[in-house]
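Sharing a structure, written as structure tokens. Questions coming.
FYI, it's all coordinate maths here, none of it is from the lab. A quick note: this is a predicted structure, and the numbers were derived from the prediction, not measured. Using ideal geometry, Cβ is built from the backbone for each residue, glycine included, and neighbour counts are taken over all protein chains shown.
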Amino acid sequence: MTKAYYSAVLDYPLETLWTLIRDFNNYPAYIDGVSESVIEDDKGGDEVGAVRRFCYLGNWIRQRLAGHSDVQHSLTYAGIDPLPFPSGLLPDGPAPTRYEGTMHLMPVVEGNRTFIEWAVTLDTAPDDADRWRQLFQSWIPDWTHSLERSLGRLVA
């Protein structure tokens with residue numbers, strides 16, 4: 001097991017961020033590269049156990065909403081199928097990994113901003129842990145900046 005973690009302060013009120021991300025099916029609205037998202041079995045986007053199937057950079061991925069709290073402003077998702085390492089990045093890419101991610105928001109009172117932390121725990125073979133962690137350490141900031149750009153378009 002290994003963990004990738006990123007945190008930042010975004011210049012938007014907590015409620016503005018939470019309104020955007022609390023719906024598990026709203027992924028295309030704030031993650032660049034996600035073209036479609038569908039919640040299976042007519043579940044709600046805030047219903048723990050809901051499964052979203054989304055297309056990210058041409059690849060279909062399924063995740064289950066494992067935790068959701070309007071009080072804590074957090075959501076946890078888990079990959080249903082092991083995630084394959086992107087082809088072409090390494091000549092001998094690591095084996096697919098299971099993963100679980102959590103997005104957590106907290107208010108920053110000064111300036112009415114929001115602290116976001118995004119962590120992904122990866123259940124990998126020990127020899128693959130560093131490569132998976134490095135990949136997610138590059139992805140999570142990209143996703144966070146995508147969220148920030150989306151907020152800029154919504155609030156403008």
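Residue by residue, what Karplus-based ³J(HN,Hα) values in Hz, rounded to whole numbers, does the stretch 79-85 have, using 6.51, -1.76 and 1.60 with θ = phi - 60° and x for Gly and Pro?
Coupling constants for the stretch 79-85: x, 7, 10, x, 8, x, 5 Hz.
Same structure, new question: What nm distance separates the two modelled labels at ILE80 and LYS43, each placed 7 Å from Cα along Cα→Cβ?
Computed distance between label sites ILE80 and LYS43 equals 0.9 nm.
Of LEU154, LEU122, ILE140, whose Cα points farthest to the positive end of the dipole of the stretch 116-156 (charges on the beta-carbon: +1 Lys, Arg; -1 Asp, Glu; origin at the Cα centre)?
Value computed over the given set: LEU154.
So for the pair MET106, ASP92, with labels modelled 7 Å out along Cα→Cβ, what separation do we get in nm?
4.2
The stretch 11-116: which GluC sites (Glu not before Pro) are DSSP loop and have at most 15 other beta-carbon atoms within 10 angstrom?
Passing sites in the stretch 11-116 are GLU47, GLU110.
OK, next. About the Cα centre of the stretch 1-120, how large is the charge dipole given +1 on each Lys and Arg Cβ and -1 on each Asp and Glu Cβ? Please answer in debye to the nearest 20.
280
For the stretch 93-156, what are Rg and Dmax over the alpha carbons, in angstrom?
Rg, Dmax (Cα atoms, Å): 15.1, 46.
Test of understanding: ordering PHE54, PHE85 by Cβ neighbours within 10 Å, fewest first, what list do you get?
Going from sparsest to densest Cβ surroundings: PHE85, PHE54.
Here's a follow-up. Largest first, please: the extent of the C-alpha atoms of the stretch 60-120 along each principal axis, to the nearest Å.
47, 23, 16
In addition: For the chain, take N as its residue count and report Rg(C-alpha) divided by 2.2 N^0.38 Å.
This ratio for the chain stands at 1.04.
If you don't mind, there's one more thing I want to ask. Taking R0 as 30 Å, what's the FRET efficiency between VAL155 and GLU117 from their Cβ-Cβ distance, rounded to 0.05?
The computed FRET efficiency comes out at 0.90.
While we're here: Order of TRP60, TRP118 from fewest to most other C-beta atoms within 10 Å?
The most exposed by this proxy come first: TRP60, TRP118.
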